[in-house]
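All of the numbers you see were taken from the coordinates with simple rules; none came from a lab. The structure displayed is predicted, hence computed values, not measured ones. Backbone-built Cβ (ideal geometry, glycine too); neighbour counts: all protein chains shown.
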Amino acid sequence: MLSRIRIVLVNTSHPGNIGAVARAMKNMCLHDLVLVDPLRYPEEADVAFSRASGAHDLLSSSRKVETLAEAVEDCHLVIGTSARQRTVRWPVVDPRECASLASERAAADQQVAILFGRERSGLTNDELALCHYLVQIPTNPEYSSLNVAMAVQVIAYELMMASLAEQGPTAEQRDMITAGQFEGFVRHLEETMGVIGFTDERSSDKLVRRLRRLFLRAEMDPDEMNILRGIFKASQEHRVRTPRNPGND
């Protein structure tokens, strides 16, 4: 089960944190580490390896990619870590609920990604827009700052415990769309909105973010996505065949 769970570090600024994350992951039997545009790695790989303390094999097998979309393209469930609520609200889980969700999906042969953002600022709203859920780690409200490796260790521990306990029934065995397929769906939705005139320059970005949340909550399978994309296509073709009559405005 744990082999289907990926830890993704976004734009990490200190290579020592990458090494500490590798150590935390190996402690808890996690092995899939993806680095999105790290700032000083692999240029300062020696710093990362010195902090990995025996998890050198995990660091060596980690993948470096340029964008978060590339890191999660094949994932069916994406969970982002966040220390604060955002304007557009996501479903929020605690670390134990996160582990339960992730383990159920992984047991159903689905790929899961858990995202950890920048040391100072976390994940951006655009990055969180790729997520189905947010996970928040309860902390002292007067001192809530957690080092990224500490945060990974908390989540990794809960994942390990969920794996050992084999809690709950496995998720329904059905195909789910990947993050890459979902991005194609969103592009098609935005294109259709433009063709049918359902846009407003003042609020279109916020509207798209809310629609993303709506469809992420639905967790579509490929057939459901294709039905909606068929509707989008038919709407566009109908608009082209029947242009608006200015006299009716």
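Of all lysines in the structure, the ones whose alpha carbon falls short of 30 Å from that of Lys233, not counting any fewer than 8 places away in one chain, are Lys206. Summarising the amide proton neighbourhood of Asp32: residues at separation of 5 or more, or on other chains, whose placed amide H is nearer than 5 Å comprise Ile7. Tell me the mean residue ellipticity at 222 nm calculated for the chain from its helices only (DSSP H runs of n ≥ 4, each -39500 (n - 2.57), averaged over every residue, nearest 500). Per the formula, -15000 deg cm²/dmol.
Under 23 Å Cα to Cα from Lys64, which lysines show up? Leave out anything in the same chain fewer than 8 places away. The reachable lysines, counting only those whose Cα sits under 23 Å from Lys64, are Lys26. Summing charges over neighbours of Leu30, with a neighbour being any other residue whose Cβ is under 12 Å away from its Cβ, gives +2 when K and R count +1 and D and E count -1. Ranked by the mean number of other Cβ atoms within 10 Å of their residues, highest first, the peptides 174-187, 147-160 fall in the order 147-160, 174-187.
With θ taken as phi - 60° and the Karplus curve 6.51 cos²θ - 1.76 cosθ + 1.60 applied, the whole-hertz 3J(HN,Hα) list for region 19-34 is x, 5, 5, 4, 5, 4, 5, 5, 4, 10, 6, 9, 9, 9, 10, 10 Hz, x standing for glycine and proline.
For the chain, the orientation-averaged shadow of the C-alpha convex hull comes to 15.8 nm² (one quarter of the hull surface). Efficiency by 1/(1 + (r/R0)^6): what FRET value for Asn140 and Arg217, r their Cβ-Cβ distance, R0 = 30 Å, to the nearest 0.05? Computed FRET efficiency for Asn140 and Arg217 comes out at 0.45.
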